[in-house]
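Here the structure is laid out as structure tokens; the discussion comes afterwards.
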Amino acid sequence: MSTPTPTPKPTIPASLADAHVLLVAHNPPSIAALILTEKLPKPLALHPTPTTSTPTARDLRRAPKPTNTNRIKPLTAREKRALAVHALPKDLKHATFAPLRELWTGYARGLAMSGSTVMAQRLAGADLHGAVVEIVRSRAVDRVGIRGTVVKETRGVVVIVTERDAVKSVPKEFTVFRVVVDMGGEKGKGKDMVFDLHGSQLMFRAAERAGRKYKGKPMLDL
């Protein structure tokens, strides 16, 4: 009579020793081994979360932008006034601005290609640096007749250098400026275009007037 071969005991991992003790206490050894190897889920190895991960688009939007410490900061308005950045020299000559006048004349001729009506609207929003203007109406009678080249324009003031090399600061408010655009024709042939610009409607900086639309309004305050 042959002796039955003993069933080899299953090898229990050290990580499942505690679970095996509990299963053997309530089940036969064979069933406990079956449950331990087939029924119970295998242990999950947990690893620490890596500190470096691929950033998402949301992370990139929230990330602070790098600042360039070597970048030069622009001057403030107070610093510009203290340094007199926009101050004009006192010894200005009318002949010095002859190239600027020629440049502005070509600029104005380009505006005149669309007709006098449209040009009047564009000239109101045009840059007047280099234009030859004459004051024809003003509340201050002593300003009427001033004629010269515009060398500086701010929101409320136009600085003019006259033909006698005098520098005049004329307020725009309550003043009418006459601009004559030389169209290149012979004198006396009626080729020049004359426009009157009301300074009260030009109370903007030159860069701010470019996109504005102007309408004819009666000037009752003059």
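Within segment 90-118, the set of residues being outside any helix (DSSP H, G or I) and modelled with pLDDT of 85 or more comprises Asp91, Leu92, Lys93.
Here the strands (runs of 3 or more DSSP E) wholly within segment 136-222 that include at least 2 residues being at pLDDT below 90, hydrophobic (A, V, I, L, M, F, W, C) and closer than 18 Å to Glu102 by Cα are 175-181, 193-198. Filtered by the rule that a residue be small (Gly, Ala, Ser) and either in a strand (DSSP E or B) or more than 16 Å from Met203 (Cα to Cα) (or both), segment 122-135 gives Gly130, Ala131.
Beta carbons closer than 6 Å, at least 6 apart along the sequence or on distinct chains, pair a first residue in segment 79-100 that is touching a residue at least 40 places away in the same chain (Cβ under 8 Å) with a second that is among the aliphatic types (A, V, I, L, M) and outside any loop (DSSP other than H, G, I, E, B) for Leu92/Val161; Leu92/Val167; His94/Val161. Only one of the numbered conditions (1) surrounded by 10 or more Cβ atoms within 10 Å (Cβ to Cβ); (2) modelled with pLDDT under 75; (3) not in a helix (DSSP H, G or I) is violated by Leu16, and that is (3).
If only residues of segment 104-139 that are touching a residue at least 12 places away in the same chain (Cβ under 8 Å) and exposed (fewer than 13 other Cβ atoms within 10 Å of the Cβ) are counted, the one that is farthest from Val167 (Cα to Cα) is Ser116.
The values are calculated or read from the model by the stated rules, or taken from the named source; none is laboratory data. Source: prediction; values computed, not measured. Methodologically, a virtual Cβ is constructed for each residue, glycine included, from the backbone with ideal geometry; neighbour enumeration extends over all protein chains shown.
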